[in-house]
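The values are calculated or read from the model by the stated rules, or taken from the named source; none is laboratory data. Predicted, not measured: the structure shown is a model, and the values here were computed from it. Ideal geometry is used to build each Cβ from the backbone, glycine not excepted, and the neighbour counts take in all protein chains shown.
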Amino acid sequence: MKILVVGGTSVDEIIPLKNLPEAKPGTLFAESFRMIGGTGAGKAVALKRLGNEVRLFSVIGEDPEGEWQKDYFAHEKIDFTYAIDSTGSERHVNLMSESGERISIFTKPLKKDLSIDTEKLVEMAKESDILVINIIPYVRAILPHFATLNKPVWVDLHDYDGRNPYHKPFLDIATFVTMSSDKLEDQKSLMLQMIDAGKELVASTAGVDGSDLMTVDRKIHHLDAIDLGYQDANGAGDSFFSGLLTGYMQTRNIVLAHQWAVLAASLAVATKAIASPELTMARLASLRKIYYP
């Protein structure tokens, strides 16, 4: 499958902690590490490792962080196209708990008045079988162009609360939706609303508490999380998304796709990389025989 991933790369400082800090003064000790980050990067790498043909579009700076991103995606054999932010590449500091919770601090956001070559990006979309749209501000202006292409569109809404108007243009264009349950008060009702609005599949993830899927049958399909060891939860949601997309678009089997998603996420948690080096179709097949015989 030819997949275009739009938006979302950065350089991240990861600070792993047993628990997220309380909102009070204090001193914490942790060994941090830097990595290529961003929700677009996580999805592009995971999708590539699952055998998909991946093109990635993002925004970088003309700085060492931008060069690092170009080298990284070249090494991963991902076709990387980018626009330039004159103020520099996006950078984050992520506080990560062992239960998968995260606080992301944007220490260098992208500027608001970015110049994006819409025509080129639309041509890339036309040449792709599937569009993966990330909820990045500079992507919003391009959504009306994507909406005319009649392509399957996968969108990760992250910590959507069911009301935030920022997410609405991304939700409107989506055929398939994933999101975190962190801010959801009534997950089932929201999933039903999305299915009734024409979404083909909706998934909600809850870290160690597992994940739920809903399709046009309007039933909740739940799977528990699988523990393959813990190193770092960064990228787990992107690997879940990638396993789900690959499994569903290849087989249209919701049970199999959900299993692949859970196993892909578990592999991500067991490594400090943005997507596990072990993430392959063969590895998912072998794990599936163990955990879903």
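A few notes on this one:
- Out of D212, D227, sole residue that is surrounded by fewer than 17 Cβ atoms within 10 Å (Cβ to Cβ), more than 20 Å from G40 (Cα to Cα) and either acidic (D, E) or within 17 Å of the chain's Cα centre (by Cα) (or both): D227
- Residues of the range 83-108 satisfying the condition of being under 21 Å from K183 (Cα atoms) and without any contact (Cβ under 8 Å) to a residue 60 or more places away in the chain: S104, I105, F106
- Taken over the range 5-38, the criterion of being more than 30 Å from E62 (Cβ to Cβ), part of a strand (DSSP E or B) and of a type outside the set (A, V, I, L, M) is satisfied by P16 alone.
- Residue within the range 133-142 that is of a type in the set (D, E, K, R), touching a strand residue (DSSP E or B) at 6+ places or on another chain (Cβ under 6 Å) and in contact (Cβ under 8 Å) with a residue 24 or more places away in the chain present: no
- Unique residue being small (G, A, S), modelled with pLDDT under 95, more than 15 Å from the chain's Cα centre (by Cα) and within 25 Å of G243 (Cα to Cα) when the list is S32, S97: S97
- Being of a type in the set (G, A, S), more than 16 Å from the chain's Cα centre (by Cα) and either buried (at least 16 other Cβ atoms within 10 Å of the Cβ) or assigned to a loop (DSSP other than H, G, I, E, B) (or both) is a description that does not apply to S58.
- Test: residue in the range 189-198 that is among the polar types (S, T, N, Q) and assigned to a helix (DSSP H, G or I): yes
- Selection within the range 101-120 - more than 16 Å from T87 (Cα to Cα) and either among the polar types (S, T, N, Q) or in contact with a strand residue (DSSP E or B) (Cβ under 6 Å, 6 or more places away or on another chain) (or both): R102, I103, S104, I105, T118
- Every condition in (1) at pLDDT 95 or above; (2) touching a Ser or Thr at 6+ places or on another chain (Cβ under 7 Å); (3) of a type in the set (S, T, N, Q) holds for T215 except the one numbered (2).
- Counting only helices (runs of 4 or more DSSP H) that sit wholly inside the range 231-293, those with at least 1 residues that are surrounded by 24 or more Cβ atoms within 10 Å (Cβ to Cβ) and aromatic (F, W, Y) are 236-251, 254-269.
- Some residue of the range 121-131 being closer than 16 Å to G40 by Cβ and small (G, A, S): yes
- Evaluating G198 against the criteria (1) more than 22 Å from N134 (Cβ to Cβ); (2) surrounded by fewer than 16 Cβ atoms within 10 Å (Cβ to Cβ) leaves one unmet condition, (1).
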